[in-house]
Amino acid sequence: MKEYLFKVLVVGDIGTGKTSIIKRYVHNIFSMHYKATIGVDFALKVINWEPDTVVRLQLWDIAGQERFGNMTRVYYKEAVAAIIVFDVTRVSTFEAVQKWKFDIDAKVKLSTGEDIPVVLLANKCDLAKEGLVKNSAQMDKFCEDKGFAGWFETSAKENLNIDKACRFLVTKILENT
Ligand code: GTP
Ligand code: MG
């Protein structure tokens with residue numbers, strides 16, 4: 001029996017849906033009511049990955065407002081992967097994606113010295129999209145240029161692609177073990 005515990009960061013601007021994605025993924029619940037995360041919250045997702053392999057994802061749900069604080073270095077310590085979330089209806093949250101990626105790459109590395117794998121989630125895809133996310137070929141290029149492992153359109157509301165994105169991320173994490 002193989003058992004893994006992986007620390008995964010979930011970051012992105014205020015109100016992009018980080019907490020909603022985690023609540024959907026871990027508890028299969030969703031609420032339209034917005035309650036800002038303060039600092040950091042935690043959730044644990046247990047995945048029966050293969051008959052002989054259990055993966056535990058410790059999800060660090062970091063408040064969007066932390067982009068303007070100095071705590072991220074502390075939060076990022078020993079993470080093996082990250083999820084960056086933006087809101088497809090607000091271009092400013094997509095523009096912030098690079099800032100989050102730079103912050104992660106500057107503050108956390110794998111033991112090999114490599115960058116940790118990062119996936120980009122274009123969340124709220126149940127709503128009308130604005131900006132680059134309307135063009136999936138350009139999004140592919142953006143992600144390749146900026147060093148993302150991949151990107152997915154997600155909806156916490158409709159439960160779209162969240163399992164798929166997380167499975168993809170676990171595959172990337174396991175490649176580094
Ligand atoms: P901070 O904790 O402030 O950083 O925000 P957050 O990124 O955790 O966002 P949160 O999950 O609290 O969601 C913000 C708002 O967006 C809430 O009102 C959610 O109900 C809504 N929301 C989240 N995901 C979706 C989605 O996929 N579709 C729609 N339509 N609304 C969503
Ligand atoms: Mg939150």
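The values are calculated or read from the model by the stated rules, or taken from the named source; none is laboratory data. What you see is a predicted model; the values in this text were computed from it and never measured. As a convention, Cβ positions derive from the backbone with ideal geometry for all residues, glycine included, and neighbour counts pool all protein chains shown.
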Original post:
Out of all the residues in region 147-156, is one or more surrounded by fewer than 15 Cβ atoms within 10 Å (Cβ to Cβ) and more than 17 Å from the chain's Cα centre (by Cα)?
Top reply: no
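Condition check: of a type outside the set (Ser, Thr, Tyr) and under 14 Å from the mean Cα position of the chain (by Cα). Does Phe94 satisfy that?
Values: of a type outside the set (Ser, Thr, Tyr): yes; under 14 Å from the mean Cα position of the chain (by Cα): yes.
So Phe94 passes the test.
One line per residue, one yes/no per condition, for (1) among the hydrophobic types (A, V, I, L, M, F, W, C); (2) at pLDDT 95 or above; (3) farther than 16 Å from Gly12 by Cβ:
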position: Ala63; (1), (2), (3): yes, yes, no
position: Val74; (1), (2), (3): yes, yes, yes
position: Lys77; (1), (2), (3): no, yes, yes
position: Ile83; (1), (2), (3): yes, yes, no
position: Ala96; (1), (2), (3): yes, yes, no
position: Ala122; (1), (2), (3): yes, yes, no
position: Phe148; (1), (2), (3): yes, yes, no
position: Ser155; (1), (2), (3): no, yes, no
position: Asn161; (1), (2), (3): no, yes, no
Original post:
Looking at region 2-40, which of the residues that are buried (at least 16 other Cβ atoms within 10 Å of the Cβ) and more than 22 Å from Phe152 (Cα to Cα) is farthest from ligand 2 (Cβ to nearest atom)?
Top reply: Tyr4
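I need the full set of residues from region 50-70 which are of a type in the set (S, T, N, Q) and either within 16 Å of ligand 2 (Cβ to nearest atom) or not in a loop (DSSP other than H, G, I, E, B) (or both), in order please.
Within region 50-70, Thr53, Gln58, Gln65 qualify.
What tally of residues in region 78-93 results from selecting those that are away from ligand 2 (no atom under 16 Å from the Cβ) and either within 20 Å of Val119 (Cβ to Cβ) or surrounded by 15 or more Cβ atoms within 10 Å (Cβ to Cβ) (or both)?
Residues in region 78-93 being away from ligand 2 (no atom under 16 Å from the Cβ) and either within 20 Å of Val119 (Cβ to Cβ) or surrounded by 15 or more Cβ atoms within 10 Å (Cβ to Cβ) (or both): 7 in total.
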